[in-house]
1. Translational diffusion coefficient of the stretch B:10-110 at 10 °C, 1.306 mPa s, Stokes-Einstein with Kirkwood Rh over Cα pairs, in µm²/s as a whole number.
2. What spacing in nm lies between the two simple spin-label points modelled at A:H448 and B:T140, each 7 Å away from Cα in the Cβ direction?
3. Per q in 0.14, 0.15, 0.17, 0.22 1/Å, what log10 I(q)/I(0) does a Debye calculation on the alpha-carbon atoms of the stretch A:427-575 return?
4. Residue by residue through A:32-39, how many Cβ atoms from other chains fall within 10 Å of the Cβ on average?
5. Give the cross-link partners of B:K151 among the lysines, using a straight C-alpha distance below 23 Å as the criterion and excluding same-chain residues fewer than 8 apart.
6. Might you report the magnitude of the Cβ-based charge dipole of the stretch A:407-526 about its Cα centre, with Lys and Arg at +1 and Asp and Glu at -1, to the nearest 20 debye?
7. Rounded to a whole number, what is D in µm²/s for the stretch A:111-221 from Stokes-Einstein with the Kirkwood radius over alpha-carbon pairs (4 °C, 1.567 mPa s)?
8. Would you please classify the overall shape of the stretch A:185-229 from the alpha carbon gyration tensor, given that a ≥ b ≥ c denote the square roots of the eigenvalues, rounded means a/c under 1.5, and beyond that prolate means a/b larger than b/c while oblate covers the rest?
Amino acid sequence: MESMTQNQLLNTNTQDPNSSLRRPIPWETIETLLHRVQKPGRYVGGEFNAIHKPWDSVTTRICLAFPDLYDLGMSNFALQILYDILNRREDILAERTYLPAPDMIAAMRQENMPLYALESYRPVAAFDILAISTAYEQLFTNTLELLDLAGLPIRATDRDARHPLIIGGGHGAFNPEPMCDFFDLFIIGEAEEVILELVERFSKTRTLPREAQLQTLLDIEGLYIPRFYDANYTAENTFAGIRPLLPKAPMPIKRRIVGTLPPTPIHQIVPNIETTHDRGVIEIQRGCTHGCRFCQAGIITRPVRERSAEEIIENVFAIAAATGYNEIGFLSLSSADHTEIETLLQTLQQQCSGLHLGFSLPSLRIDAFSVALAEGLAGSRKSGFTFAPEAATEALRRRINKEIHTEDLLTIAEEVFKRGWRTLKLYFMIGLPGETDEDVLAIADLAHELRRIGVRLGGRKTEIHVSISTFVPKPQTAFQWEAFADANTIARRQVLLFQNLRGRGFKVSWNKYPGTSIEALLTRGDRRLNAIIERAWQLGARFDAWDEWWNLEAWEQALTELAPESFGSVETLREVTMYRERSEDEIFPWDHLLSGVERRFLLQDSQRSRAGEFLSDCRGICHACGILRHYANQRGAEWRCPQPEGSKPATNQQTAGNEKQP
Amino acid sequence: MNEQNPTTLRMRLKFATSGPLAYVSVLDLGRLWERALRRAAIPLRYSLGFNPRPKLQFAAPLPTGCGSEADWLDIWLTEPREPAEIATALVGTLPPDLHVIEITWVPEDAPALSELMQAVTYRVLLQDVDVTELKAACATLLKEENVLRAKRGRRRHQHYDLRQLIETLNVTPALEPWTAALEMRLRAQAGATGRPDEVLSALGLADVPRRCTRTGLFLSSPADAPSP
């Protein structure tokens, strides 16, 4: 049945019942909606460096989607990299789409206009593959809205080979279970290579039904195809594991990595309207060696791979010339760790004087070196200096493995104020494992102490901005065994902070607990969450990251309606999924995915946390997290992993160096 | 082309925008021009201070949702360039819907374009609007002595008189998919600038699908002014 329909589609589009979802939408038709909406520039494309390929000149068409506003989606660098890699291929075209804001969604639904791609104005449903970013959990309900606005059935089992293959990927895919009913497959890990393998294979299966198409993809490493696995639960409603339904289905599914960082996209799309990160981007380093125990990115992006200073400098000038940007942002998880960062910035400052080209360096450490780097970049323009101590007491910093001592922090703050900064921004988490009210009060004490230093050195205009987020125990981290703090605990600790951070010179911001608890639910949930997410979306939940649009009532109602069936009650669901501290032998819904960092290592690190022990930065000494074991054959010269003790030096360094640039 | 002092470092670019670019704001358009000129390696003059900006001056801000057939932008350079050199450098560096029509030298001490602005003409193509009815509505509007409308933004509790800003309104039939074309000439002076969407609202056409294009800028002093 299905393959007949597919043949029909291949032969002629006119017989396809969905043909209105295949032709480009005339510009005049799009234009009729634009006077009704805010920021219409989000919906029109036409950017410099956007790539327009003739539709019929290629064999595979991919639409890359970020399920939130254009302003945010255009700032997502992962999609820029894929756009570049895919469009380099003559037989592939890649276009972009984003989720419109609620006013545009309403206008489109009223006029029956499907979601379209910004290059060709073709409906998203006309593409062969729709790749949707699952970068973080607040994108999940938006993903359903995006599929629905595209005119696609949201559940994978309701779609067939006439519909685009729907693939997900990004950090949120490290627990894909809550969304596994909606996607055909997830790319686990770095997509640069596997996406081409996927396209290649998929393009040869056009005449097959969807299920058979997916079966042919099973032996590509790094793809997780949820329909070929099923999940079990215990009588107590806890999760009991996932098992493959086909012998070919891999177990575990191992994360893909690239041995060498892909070339930097040079001809980056220059948006016509202002976006969140409106600048050129160079990924100077991937991965992080600090081992902060709360940080998922630090685990799932290992190993550290550096781009050489020489290449970065070349990229800077090429991007500036190709885009006209006056600012280039260096992307990494810990910029000051780059081994050549100092000479890199010095060289750039010399070579760029008079060019009106600035640089931004995110994620600096709290140390004198970082302050010096930041000063070099800021010049006379010192807006605010950022510290992320995350915890205010020594004991808690030992638990989270953030190795900063309070006296050092104060000395470095002195340095910051001496050099002319007047605003210090501090990032902290509350609800951390082992945290007490005293730990939280210490945040206020530290902020006051820092303000006193600032006032002494720079005057009464000194401002301390304290940003408080609530800790969520993320999958694939040493803290995956920890509990998520309940509403009362967080409310009490927020009040403690507000009471003690009043008055002139302090600004406090925080994440609202209900939103964070939905994040915790979605990041820790299993397959039973699919129905709840779908129901919440039906009831109006979307834009979960947006204060002005998100809808707690929809979530509460979805939980009330559906939790009894799959968990017994809402309370059980919350307890089982979020509030429970886990035992060593807990089976997690994401255990079938292997990031390369082994569970054994994470468990040891969790035990070290409970014993209050630091684990040193692994640049100096390898702690055998598992990366080198699992990816030894991909090791390249720019990896910053030390040689494990007793092992021979890598023999393929020379080769890897030569392979660097195709 | 103007026969002006070729050593001047001030150049005037006449440009047009259409399609997607009609939907950017005037701030976006400034940024977009800066980037296009940087890509073309035009030696722009930057302001001093801690947030240096290139010196660019538009004649009159183009409303979001409005394309243009004839707008002007003055740019300042650090070293002299022939208009033809700039035109050549801009080939391939402009976004798809931005077109340069003419480049001329302008004396450094010429008044700012915005000081010379007198009036702007727009053409608005409308869907599902009857030409006869629209003509009648325009006639009624022009007969009014005052048309009070709320200001925008922070001063929205205050009113201004839109009628004083409308110089002419003219309605003609239009080609598919449009039904009517409304040509308007609005005053455009400091503190007294008419906006086409305000006129449409006053005519009860706020929600009608439209395409708006600025068709001309009119300046006060013909000696310094470029031809529209």
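1. 115
2. Each label point is offset 7 Å from its Cα along the Cβ direction, giving 6.8 nm.
3. -0.78, -0.85, -1.00, -1.34
4. Neighbouring Cβ atoms belonging to other protein chains average 5 per residue here.
5. Hits, sequence-local ones excluded: A:K39, B:K143.
6. Charge dipole, the stretch A:407-526, about its Cα centre: 900 debye, nearest 20.
7. 89
8. Because a/c hits 1.5 or more and a/b fails to exceed b/c, the stretch A:185-229 counts as oblate.
Values quoted throughout were computed directly from the atomic coordinates according to the rules given, and no laboratory measurement underlies them. Bear in mind that the values here come from a model prediction, so they are computed numbers and not experimental data. Counting neighbours? That spans all protein chains shown, and the Cβs are built from the backbone with ideal geometry, glycine included.
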